[in-house]
Amino acid sequence: MALTISEANLRLLIDLLIGAGKRVIGPKRVGEMTVYEPLLSGADLSPGTLPRRSAKEAFFPLSETILTYEKDKEGLKVTDVDTATFPETVLVGALPCDAAAPQVMDAVFSWDYKDEFYLERRRRTTIIGLSCTSADDSCFCTLVGLSPTETKGSDLFLTPLVGGGYSCQSISDRGGELLANYPHLFSETASVTPLPPARPEGGPVDLAKVKGWLEEHFEDEIWEEVADRCIGCGACAFLCPACHCFDIVDEGTEAKGVRRKNWDACAFGKFTNHASGHNPRDLQNKRYRNRFMHKFKYYDDKFGKTLCTGCGRCIRSCPVGIDIKGILEEIQKR
Ligand code: SF4
Ligand code: SF4
């Protein structure tokens, strides 16, 4: 027997969650694109296509206020943002490369400094993952230890079935709660046939071997070969489900303003620019080398994790055709 949910009941579940006051974020068609957005109803859900931007904005908004300040006759008044006001959220329809990414980012956001803005949103979010049935030639989750049927990071995991609907697998207590709260939406089905999972091209990459090579080749002509043409647009970092660098800026006047946390990107020329004017990553290829090293060496050194889920977004969107999958494969050959 398999636990299943029909397409209509999945949309009804979204309606009920929204009715219960939850923010439900999922893939939605907007013009020619699919993007993760808060859904207004179950009818908005457009499952199965990898959204253009990743789902990280559910936990780590592009820009957020972390405090406000105001000066009056009595002095300076600082008001922190109350993280208790963050909404209970359900992220629905996250494909495995997006569902797996928050667990990777948790390590850095709960390391030396506990980032309560990120962590509180994570605590308040349930992830309904979805097995992936259509890969394009930029996808490479299987090269970085994941797969189109990977359940890592999901609380409840859905697998599309031949004839419609989904089989459901509870992965965590949160997933179990969802099943327990809406039992009338799920059925026991005697026999189910899953749609064939996607088959990303390329064999697995030996990430330990790649890391070993990186340890020996901080200086190597490959960085100029692959990255001198990078124009530093930052699209790769902004679309990536695992990139997480941010900058903190004060906006306003001496009398009144806000402190904001804004996404940043190591491809930007000013990312490591010192106040003295010195920039240790003074050339674009050094910035790209840092991006690659961070994903496949430094993050592993620090947290034992790879900072890439193989979603392929950075390949699809790079305006100059820089291909991180091709670089991994090239390093593996060396
Ligand atoms: S580095 Fe590229 S392929 Fe890897 S997770 Fe980020 S956007 Fe996706
Ligand atoms: S998307 Fe391409 S050009 Fe833009 S910063 Fe990334 S690697 Fe460079």
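The values are calculated or read from the model by the stated rules, or taken from the named source; none is laboratory data. This is a predicted model, so every value here is computed, not measured. No Cβ is skipped: glycine too gets one built from the backbone with ideal geometry, and neighbour counts run over all protein chains shown. These accessible areas exclude ligands, DNA and RNA; they are computed on the full protein's heavy atoms, side chains included. Shrake-Rupley method; radii C 1.70, N 1.55, O 1.52, S 1.80 Å.
Using the Karplus equation 6.51 cos²θ - 1.76 cosθ + 1.60 (θ = phi - 60°), what ³J(HN,Hα) coupling, rounded to whole Hz, does each residue of the range 308-316 give in order, writing x for Gly and Pro?
7, 10, x, 5, x, 4, 5, 6, 4
Antiparallel DSSP bridges in the range 8-103: what percent, to the nearest 5?
80
For the range 268-334 and the range 234-260, write down the distance between their C-alpha centroids in whole Å.
If you average the Cα positions of each part, the centres end up 20 Å apart.
Which value, in debye to the nearest 20, gives the size of the charge dipole of the range 1-131 about its Cα centre, when Lys and Arg are +1 and Asp and Glu are -1 at the Cβ?
Result for the range 1-131 is approximately 260 debye, rounded to the nearest 20.
So how compact is the range 1-102: Cα radius of gyration and Dmax in angstrom?
Values for the range 1-102 (Cα only, Rg and Dmax): 18.0, 70 Å.
Could you state how much accessible area residue 294 has, in square angstrom rounded to the nearest 10, with a 1.4 Å probe and all protein chains kept in place?
Ignoring ligands and nucleic acids, residue 294 comes out at about 50 Å².
For the range 146-245, state which GluC sites (Glu not before Pro) are in a DSSP loop and have at most 16 other beta carbons lying within 10 Å of their beta carbon.
Taking the range 146-245 and a limit of 16 other Cβ atoms within 10 Å, the loop GluC sites (Glu not before Pro) found are 201, 219.
Please identify, among 21, 310, 93, the residue showing maximal mean-square fluctuation in a Gaussian network model of the chain using a 10 angstrom Cα cutoff.
Maximum fluctuation in the GNM of the chain, among the listed residues, is at 21.
Under 26 Å between alpha carbons, and skipping anything fewer than 8 positions from residue 325 in its own chain: which lysines qualify?
56, 152, 209, 211, 286, 295, 297, 302, 305, 333
Rounded, prolate or oblate, given the Cα gyration tensor of the range 220-334, with a/c below 1.5 counting as rounded?
It comes out prolate by the Cα gyration axes.
Classify the range 91-141 as rounded, prolate or oblate from the Cα gyration tensor: take a ≥ b ≥ c as the square roots of its eigenvalues, call it rounded if a/c is under 1.5, otherwise prolate when a/b beats b/c and oblate if not.
Since a/c reaches 1.5 but b/c is at least a/b, the shape of the range 91-141 is classed as oblate.
Take the solvent-accessible surface of the protein heavy atoms, probe 1.4 Å, and return the percent of it on the chain that carbon and sulfur atoms account for. Provide the component values of the computation, followed by the final result.
Numbers: 8190 of 15870 Å².
Carbon plus sulfur share of accessible area: 52 percent.
Placing +1 on the Cβ of each Lys and Arg and -1 on the Cβ of each Asp and Glu in the range 268-330, which of 299, 311, 277 has its Cα farthest towards the positive end of the resulting dipole?
Positive-end residue among those listed: 277.
Magnitude of the Cβ-charge dipole of the range 2-333, K/R +1 and D/E -1, about the Cα centre, nearest 20 debye?
With Lys and Arg at +1 and Asp and Glu at -1, about 300 debye.
Which one, 249, 183, 167, projects farthest toward the positive side of the charge dipole computed for the range 113-262 from Cβ point charges (K/R +1, D/E -1)?
Value computed over the given set: 183.
May I ask for the distance between the Cα centers of the range 157-202 and the range 215-229, given as a whole number of Å?
44
What are the trypsin sites (Lys or Arg not before Pro) within the range 158-232 that DSSP puts in a loop, where the Cβ has at most 16 other Cβ atoms within 10 Å? Working shown, then result.
Values: sites: 174, 209, 211, 229; in loops: 229.
Those satisfying the criteria are 229.
Once phi is turned into ³J(HN,Hα) by the Karplus curve 6.51 cos²θ - 1.76 cosθ + 1.60 with θ = phi - 60°, what whole-Hz value does each residue of the range 124-137 show in order, with x for glycine and proline?
9, 10, 10, 10, 9, x, 9, 4, 9, 10, 9, 9, 10, 6
Would you work out which of 157, 41, 140 lies farthest towards the positive end of the dipole of the chain, given +1 charges on the beta-carbon of Lys and Arg and -1 on that of Asp and Glu, about the Cα centre?
Farthest along the dipole direction, towards plus: 41.
Please compute the contact order of the chain in relative form: average sequence separation of alpha-carbon pairs under 8 Å and at least six residues apart, divided by the residue count, as a percent.
21
Calculate, in nm to one decimal, what residue 248 and residue 85 gain on full extension: separation in residues at 0.36 nm each, minus their alpha carbon distance. Before the final figure, lay out each step's value.
Working: separation 163, 0.36 × 163 = 58.68 nm, distance 2.12 nm.
Between residue 248 and residue 85, full extension yields an extra 56.6 nm.
Residue 334 to residue 279: FRET efficiency via 1/(1 + (r/R0)^6), r the Cβ-Cβ distance, R0 35 Å, to the nearest 0.05?
Computed FRET efficiency for residue 334 and residue 279 comes out at 0.75.
In nanometres, what is the gap between the two model label sites at residue 123 and residue 177, each 7 Å from Cα along Cα-to-Cβ?
It works out to 1.2 nm between the two label points.
Rounded if a/c is under 1.5, else prolate if a/b is larger than b/c, else oblate: which is the chain, with a ≥ b ≥ c the root eigenvalues of its Cα gyration tensor?
Details: a/c = 2.18, a/b = 1.17, b/c = 1.86.
Here the chain falls in the oblate category.
Given an 8 Å cut-off on Cα distances and at least 6 residues of separation, report the relative contact order of the range 21-105 as a percent. Can you show the working numbers first?
Values: 109 pairs, mean separation 28.3, N = 85.
Once divided by the residue count of the range 21-105, the mean separation gives 33 percent.
Within the range 1-99, which GluC sites (Glu not before Pro) sit in a loop by DSSP and count at most 15 neighbouring Cβ atoms inside 10 Å?
Qualifying residues, ordered by number: 32, 74, 88.
Which percent of the Cα-Cα distances in the range 147-196 go past 17 Å?
For the range 147-196, the fraction of Cα-Cα distances above 17 Å is 38 percent.
Please compute the modelled spin-label separation between residue 191 and residue 52, points set 7 Å along Cα→Cβ, answer in nm with one decimal.
In this crude label model, residue 52 to residue 191 measures out at 4.4 nm.
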